[in-house]
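Worksheet for the structure shown next.
The values are calculated or read from the model by the stated rules, or taken from the named source; none is laboratory data. Computed from a predicted structure; not experimentally measured. With ideal geometry, Cβ positions are generated from the backbone for all residues, glycine too; neighbour counts draw on all protein chains shown. When the accessible area is computed, the model is the full protein with side chains, heavy atoms only, and any ligands, DNA or RNA have been set aside. Shrake-Rupley method; radii C 1.70, N 1.55, O 1.52, S 1.80 Å.
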Amino acid sequence: MNNIPRFLHITDAHLKPDGSEFKLDDRKSSIPLERQTRELAISKTLERLAENLKKKSQNLDGVIFSGDAMSAGIKGGDKILLDLICEQLRPFGIRPSNIVAIPGNHDIQRSVAPSSNERYSNFIEVWRDRGCITPWLDGIDEEFNYSKHILLAPDKSWAVIAMNSCNWSHVDAISEELKALWPSIPALLAPDDNELQKELQKELSRIERYDMARVSPDQLAALRRMLGDIPAPTNGKQIRIMTLHHHLLAPSLVEEVKPFSDLSNLQQVRTFIAEQCINVVLHGHKHVGKAYSDIIELDINSAPHRSLIISGASFDGLHHSDAMRILELDGLPWSPALKVVPVAVPRGGINGAVSVPDTYRLWPTIDAPKEAPLVIQGKDFNEVYARVKIAAEKEANDKTLIVQLDLEDFSSVEKLPDDYPLLTQMSEEKRKEWLKQLVDWWQLPQSLLQERVPYIHGTRLHKYSSNLDQIERVRSLLKKGSTTRAIAILIDPTLDFKETSDSRNDFASFCLVQFARRETLGKVYIDCIGYYRAQEMVKWWPINVAELLELQKRVGSSFNGQPGRITTITACARALARSPTHVAMPAIDRWLDQTPEKYFVLASAFLKNKAFSLNERDVFNEWMTALHDLLETLKSTGDGGPVVAIEGPRRLSIYLKAGSGDRLPQCIELAETLEAIADKGEEIPKPNIGKKWSDVMSKLLEKAIKQCNLLEVSGETST
């Protein structure tokens with residue numbers, strides 16, 4: 001014997017003492033063949049099931065019957081079913097005490113008041129008095145003893161909950177005053193037409209009674225209380241299986257046109273299912289076999305609850321291959337799954353085809369929705385970026401955010417998203433150039449600014465520990481074939497794990513990148529996954545994606561590998577930066593590595609007293625934009641606080657002092673201000689600078705901006 005909990009689910013037997021027809025075959029001629037009845041079909045099915053259980057040395061932990069043992073309220077069918085179950089399955093662990101039975105709309109007394117003894121007298125006599133688990137019945141039950149209404153595993157790992165949805169089935173819909181007159185209405189309306197009276201009688205019979213599906217608030221409250229009393233399992237979460245007769249959602253495309261075809265308080269029942277963490281719901285009524293997930297959302301800010309719904313088929317010619325079903329709970333306690341094995345009606349001495357079971361996972365992908373990583377995926381960069389911005393500002397703020405891009409067109413990555421909030425006045429070509437210069441700088445193998453920024457990505461990737469080109473290693477590995485070892489690291493413990501009293505705690509946010517080779521339809525793609533300890537998603541993330549795209553191109557360049565999927569994993573997502581300098585080393589400092597001639601061009605333009613050339617004006621505009629951005633960062637306590645420029649102002653100051661021209665005195669004054677900006681910038685590592693430092697730096701930047709403007713306008717206006 002194994003320890004997998006195993007149940008038999010039966011529904012809608014519809015049995016009669018004198019036999020109920022079972023059309024297993026298409027008999028068009030009146031030849032006296034053996035009679036086919038539902039009673040015989042169920043008996044033979046249980047007999048074959050017992051044979052298979054014995055062969056496999058398997059036991060059952062319970063039988064779950066989801067209603068309609070009888071047909072049209074005719075007594076006797078329910079007793080037949082219970083006797084057959086006990087007779088055939090007793091050797092395999094089944095007793096009345098582990099049979100869960102609920103009434104169907106065919107199992108109650110018709111035209112009897114809801115919540116009355118008369119309504120449930122037959123059901124109680126057959127099922128409850130024999131010791132079966134039955135639902136809490138309105139008007140009958142007052143105690144909240146879960147052992148009578150919930151079948152519980154010995155180790156509490158699972159529970160089967162009985163729910164009654166038939167308290168208002170086949171109830172009278174006419175008032176007491178009309179009941180006396182109701183039978184006489186046909187004769188009063190058609191006194192001389194017997195046939196019309198018969199038609200009227202049929203119509204009146206249809207509307208005098210409603211077959212209403214509903215679960216009372218009292219029953220929901222009772223079940224809530226009893227579920228609260230159930231002891232918790234030692235390990236894992238309890239798997240809860242609930243059974244009721246009526247469906248939650250229609251299991252087929254068949255339209256049923258009648259009053260109360262669905263649960264009248266469906267949303268209340270679904271909310272109960274979600275709040276009580278019901279994993280599986282079994283029902284009958286519709287005679288359609290189907291399994292599907294019902295996703296129940298209680299709160300738009302919380303993860304929805306998912307329940308597996310199993311609609312049971314009935315014993316008829318169309319569904320004889322799924323007359324019953326074995327339910328097996330596997331993977332307890334940590335990774336539960338439900339295997340559903342159809343049980344067919346046997347045909348004579350034929351073994352029959354082996355049914356292929358379906359297995360459904362019961363554990364959720366997100367078990368703690370407020371703390372679980374948020375995942376955003378897409379094929380359009382603009383669409384994904386728009387969602388990333390919102391997520392970083394709201395539900396993913398300071399949490400783990402995973403973003404995957406599966407792009408066919410990478411042009412949008414190379415020019416920034418359309419609604420990127422910086423540089424809005426720039427043309428698309430200028431934005432693309434700005435991004436390329438920034439990506440190129442971050443990927444420099446060696447930088448003159450490395451002493452101040454020791455974690456420049458290109459230096460770590462191409463000259464790790466001064467001598468290892470990690471990208472060349474990755475390229476060499478993937479050129480040979482697929483491997484999981486194509487990893488490059490940007491954290492150097494010998495440099496990054498040292499802490500000093502005056503340290504700014506500069507530390508690379510971009511920690512690791514992994515590349516993978518993927519071949520599809522004859523093409524080779526290079527996928528990459530970048531890991532970031534923290535990441536500013538609104539301004540920084542698009543630039544990081546552009547960097548990863550550049551790395552994909554470099555890795556695949558020697559073997560025709562094309563850029564593939566880009567995935568970023570961010571341990572702490574943020575949306576804080578306000579200025580371009582929050583996503584880059586200031587442009588005027590990057591000039592030192594990329595375009596040092598601009599210092600000379602700008603110094604010359606300031607020193608001479610004539611109109612700027614087009615090139616000089618472009619350099620001047622870039623310089624002024626950088627100063628304004630530096631001033632803007634002082635207003636923000638955002639990602640990393642204020643950003644400073646040191647090398648750029650100091651280098652321009654040197655050029656201004658070394659030059660000559662008509663405006664040398666004004667340029668000397670500007671040079672002194674720039675020296676003060678550089679000196680003040682170097683003070684940032686000192687602790688407790690705060691507002692005083694920001695105020696001084698603001699005044700210096702404002703002074704430099706004013707001085708530069710005066711030098712620009714004092715010459716002739718260029719055309």
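General remarks:
- Annotation for the stretch 594-634: trypsin sites (Lys or Arg not before Pro) lying in DSSP loop with at most 13 further Cβ atoms inside 10 Å of their Cβ are LYS610.
- Only aspartates and glutamates eight or more places from LYS339 in sequence, or on another chain, were considered; those with a Cα closer than 16 Å are ASP61, ASP322, GLU328, ASP330, ASP358.
- Between LEU512 and LEU490, TYR531, the built amide H atoms are under 5 Å apart, and every one of these is 5 or more places off in sequence or on another chain.
- Cross-link pairs LYS79/LYS290; LYS432/LYS479; LYS635/LYS699; LYS394/LYS432; LYS415/LYS479; LYS389/LYS415 - those with Cα-Cα distance over 23 Å: LYS79/LYS290; LYS432/LYS479; LYS394/LYS432; LYS415/LYS479
- Cα-based reach from LYS198 at 26 Å (exclusive), listing lysines while leaving out same-chain residues under 8 positions away: LYS179, LYS258
- Seen through its C-alpha gyration tensor, with square-root eigenvalues sorted a ≥ b ≥ c, the stretch 1-106 comes out oblate because a/c lies at 1.5 or above while a/b is not bigger than b/c.
- Probing with 1.4 Å while keeping every protein chain in the model, the per residue accessible area of the stretch 87-222 equals 48 Å².
- Using C-alpha pairs below 8 Å separated by at least 6 residues, the relative contact order for the chain is 8 percent.
- Sparse-neighbourhood loop sites, chymotrypsin sites (Phe, Trp or Tyr not before Pro) in the stretch 477-548 - DSSP loop, at most 13 other Cβ within 10 angstrom: PHE497
- Charging the Cβ of each Asp and Glu at -1 and of each Lys and Arg at +1, and nothing else, the dipole of the chain about its Cα centre rounds to 1980 debye.
- Placing dummy labels 7 Å off each Cα toward the beta-carbon, the span from MET426 to PHE497 is 3.8 nm.
- Sum of side-chain charges, LEU151 neighbourhood, beta-carbon under 12 Å (Lys, Arg +1; Asp, Glu -1): +3
- The stretch 435-540: translational diffusion in µm²/s, Stokes-Einstein, Kirkwood Rh over Cα pairs, 37 °C, 0.692 mPa s: 214 µm²/s
- With the simple spin-label model, which puts each label point 7 Å out from Cα in the Cβ direction, the TRP363 to ASN351 separation comes to 3.6 nm.
- Each residue of the stretch 234-249 is assigned a 3J(HN,Hα), and the resulting list reads 5, 10, x, 9, 5, 7, 10, 10, 10, 10, 9, 7, 7, 6, 8, 10 Hz, derived from the Karplus form 6.51 cos²θ - 1.76 cosθ + 1.60 (θ = phi - 60°), x at Gly and Pro.
- Residues in the stretch 704-711 carry Karplus couplings, in order, of 5, 4, 5, 5, 5, 5, 5, 5 Hz; the curve used is 6.51 cos²θ - 1.76 cosθ + 1.60 with θ = phi - 60°, and Gly or Pro positions show x.
- Divide the volume of the convex hull around the Cα atoms of the stretch 89-221 by the residue count and you get 137 Å³ per residue.
- Heavy-atom accessible surface of the stretch 84-134: percent carbon and sulfur, 1.4 Å: 44 percent
- Distance from the alpha carbon centroid of the stretch 507-578 to that of the stretch 644-699 works out to 37 angstrom.
- Calculated Rg and Dmax of the Cα atoms in Å (choose from [x] 38.7, 125; [y] 46.1, 154; [z] 30.1, 87), label: [x]
- Rolling a 1.4 angstrom probe over the stretch 517-564 with all protein chains present gives an accessible area of which 49% lies on carbon and sulfur atoms.
- Once backbone amide H atoms are built at 1.01 Å from N, ARG209 has ALA173 as its partners under 5 Å, excluding neighbours fewer than 5 places away on the same chain.
- Looking at the stretch 13-101, the GluC sites (Glu not before Pro) that sit in a DSSP loop and have at most 10 other Cβ atoms within 10 Å of their own Cβ are GLU34.
- Under 5 Å, built H, 5+ apart or other chain: amide partners of GLY378: GLN404, ASP406
- Largest-first ordering by accessible area, 1.4 Å probe, given options LEU521, LEU151, LEU468: LEU521, LEU468, LEU151
- From phi via Karplus (6.51, -1.76, 1.60), per-residue ³J(HN,Hα) for the stretch 184-199 in Hz, x at Gly/Pro: 8, 4, x, 5, 5, 7, 9, x, 10, 10, 5, 5, 5, 4, 5, 5
- Cross-link reach list, lysines versus LYS480, counting only Cα pairs under 22 Å and skipping chain neighbours closer than eight places: LYS523, LYS553
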